[in-house]
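K.L.:
Just passing along the structure, written as structure tokens.
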Amino acid sequence: MRRLTLYARGVQQTRTRAASQTKFLLEESQLPRRWYNIRSDMPTALRPVLHPGTGLPVGPDDLAPLFPMELIGQEVSEDTEIPIPEEVLEIYSLWRPTPLFRALRLEEAIGTRSRIFYKYEGVSPPGSHKPNTAVAQAFYNKKEGRTRLATETGAGQWGSALSFACKLIGLECKVYMVRVSYEQKPARRSMIKAWGAEIVPSPSEETQSGRAILAEHPDSPGSLGIAISEAVEDAAAREDTAYSLGSVLNHVLLHQTVIGQEALAQMELAGAFPDVVIGCVGGGSNFAGLAFPFLREKIAGREIDVLACEPAACPTLTRGLFAYDFGDTSKLTPLVAMHTLGHDFVPAPIHAGGLRYHGVAPLISQLVLDELIRAEAYLQNDVFASAVLFAGSEGILPAPEAAHAIHGTLRVAKAADEAGEERTILLNLSGHGHFDMAAYDSYFAGKLEDVALDEDEMERALRSIEGLPSPA
Ligand SMILES: Cc1ncc(COP(=O)(O)O)c(C=O)c1O
């Protein structure tokens, strides 16, 4: 009798599970045909980008040596929507629309009353959200006659994405990869080479910026700020070469908004709307990609908690200053108003290499100042514990960067349970961690160091912005 009851209960559970759909998929024909530009809806205008020499706003001519005119136009555009070129859509259709999952097994594993959904960007050929902008950038550069792109990469996801895009579109590509990641992730290097790009560890001997840093710090682990200096210098020195950035800039965040537009449609398929939208933030592009179309709803009056998750080792939004600063270490870029830890700050070599950036997208900074977005910072052992829990229930092994969003989600779900509330949570799973196994090995061996940025180091690094203009 008892066995029969158990069996009946098992069948009942299976039925309940089947009644809750796991994947919400869109047809290729439902791919968004426009990017969403949040600038047109923001309550506060962005501060102008300044020329470091004159202190005056930069114009298109200042940026033309580095970027094609179409991207410069998108950088300053106030249009609400910008059409996606047909050629870009064709390449997007190799992996887009990406799936949206209901994390039923994770919900069960943590015993939450909340519903958790995740948008999975790891199905792209390079394994993350990054090709959403890489393809667009390669397309406009090719259209305007450039034959080569130079870029930096942290974890290697962006370098892979740009080399993939350049290969498909027909451009040469040079990647400066942050040295610590270059050493931690040899398979990423091979992937970048497989798509035909040239790759060097940064700081390198190939640029003035790299040589200057090596002369002072021969063992420098590198940082995104340093690698950006090298790539910008490379691009500025060659007519045939443009610079390509994988995050931070307005046009990069714009290209990522296909993620959130798809997610809006998929949440509708699921008959749900999120109370909480969560993403990890390095420069801010995957977070913006998911969150901006939902922030459009929030600005229009809908109640949504929008949470940005960052590492405690590089707590740009939670502890940085909102100030004018350079985007790179060698001060080659214009000055942008953003949350910053100082352009010569070299974050501890945590395994979420893509989150090791001293600044953040100005669009996100402004939305944080306007209290439309809030931020939290986490230690890496906690983040990896959440990543392993996620892998054990949902199956997908997340990139360490994306695991910050998972950790944020688990915290939100726990807080809701403790308060006796039920939330609908949507997170961006920005990439898989198949090339991050050394990081998982270190975690399993108990060798991951928990680093929270030291107050003295933060004060030291912030001295580098003394004397720069301050935002009005
Ligand atoms: C998988 C993944 N997620 C997130 C990031 C962080 O970048 P962003 O803040 O621009 O999304 C990176 C950067 O390399 C990444 O590889």
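The values are calculated or read from the model by the stated rules, or taken from the named source; none is laboratory data. As the structure is a prediction and not an experimental result, all values here were calculated from the model. Heads up, the Cβs are rebuilt from the backbone with ideal geometry, glycines too, and the neighbour counts pull from every protein chain shown. Ligands, DNA and RNA are stripped out before the accessible areas are found, and what is left, the full protein with its side chains, is counted by its heavy atoms. Shrake-Rupley method; radii C 1.70, N 1.55, O 1.52, S 1.80 Å.
K.L.:
If a/c stays under 1.5 just call it rounded; otherwise compare a/b with b/c (prolate if a/b is bigger, oblate if not). Do that for segment 25-95, with a ≥ b ≥ c from the square roots of the Cα gyration tensor eigenvalues.
P.N.:
Oblate.
K.L.:
Express the accessible area of segment 147-208 per residue in Å², computed with a 1.4 Å probe while the remaining protein chains stay in the model. Display every interim value, and only then the final one.
P.N.:
Values: 1980 Å² over 62 residues.
Result: 32 Å² of accessible area for each residue.
K.L.:
Once a ≥ b ≥ c are taken as the square roots of the eigenvalues of the Cα gyration tensor of segment 207-268, is the result rounded (a/c under 1.5), prolate (a/b larger than b/c) or oblate (a/b not larger than b/c)?
P.N.:
oblate
K.L.:
Something else about it: For the chain, taking Cα atoms only, what is the radius of gyration to one decimal and the Dmax to the nearest whole Å?
P.N.:
21.7, 85
K.L.:
Could you list which residues have their amide H under 5 Å from that of Leu427, counting only those 5 or more apart in sequence or on another chain, with H placed in the peptide plane?
P.N.:
Placed amide hydrogens put Phe117, Tyr118, Lys119, Ile278 under 5 Å from Leu427.
K.L.:
OK, next. Please report the antiparallel percentage of DSSP beta bridges with both residues in the chain, rounded to the nearest 5.
P.N.:
35
K.L.:
Moving on. Report, in degrees rounded to the nearest 10, the 0 to 90 angle that the Cα long axis of helix 131-143 makes with the longest principal axis of the chain.
P.N.:
40
K.L.:
What number, rounded to the nearest 500 deg cm²/dmol, is the helix-based mean residue ellipticity at 222 nm of the chain, given -39500 (n - 2.57) per DSSP H run of at least four residues and division by all its residues?
P.N.:
Calculated from helices alone, the mean residue ellipticity at 222 nm is -12500 deg cm²/dmol.
K.L.:
Cα-Cα over 23 Å: which of Lys193/Lys331; Lys142/Lys174; Lys143/Lys167; Lys130/Lys193? Walk me through the numbers before you get to the answer.
P.N.:
Working: Lys193/Lys331 29 Å; Lys142/Lys174 15 Å; Lys143/Lys167 15 Å; Lys130/Lys193 17 Å.
Listed pairs above 23 Å: Lys193/Lys331.
K.L.:
Here's another thing I want to ask about it. If the only charges are +1 at each Lys and Arg Cβ and -1 at each Asp and Glu Cβ, what is the size of the charge dipole of the chain around the Cα centre, to the nearest 20 debye?
P.N.:
Magnitude of the dipole: close to 1820 debye.
K.L.:
Could the peptides 250-256, 287-293, 351-357, 449-455 be put in order, highest first, of the mean number of other beta-carbon atoms found within 10 Å of their residues?
P.N.:
287-293, 351-357, 250-256, 449-455
K.L.:
Cα to Cα, under 23 Å, and not fewer than 8 places away if on the same chain: which lysines meet these conditions relative to Lys414?
P.N.:
In chain and number order, the partners are Lys119.
K.L.:
Hey, what's segment 228-320 come to in accessible area per residue, 1.4 Å probe, Å²?
P.N.:
24
K.L.:
Mind checking the per residue accessible area of segment 22-105 for me, 1.4 Å probe, whole number of Å²?
P.N.:
For segment 22-105, the solvent-accessible area averages 51 Å² per residue.
K.L.:
Next question, about the same structure. How much of the accessible area of segment 267-382, in percent, comes from carbon and sulfur atoms when a 1.4 Å probe is used?
P.N.:
On the way: 1460 of 3100 Å².
Carbon with sulfur: 47 percent of the solvent-accessible area.
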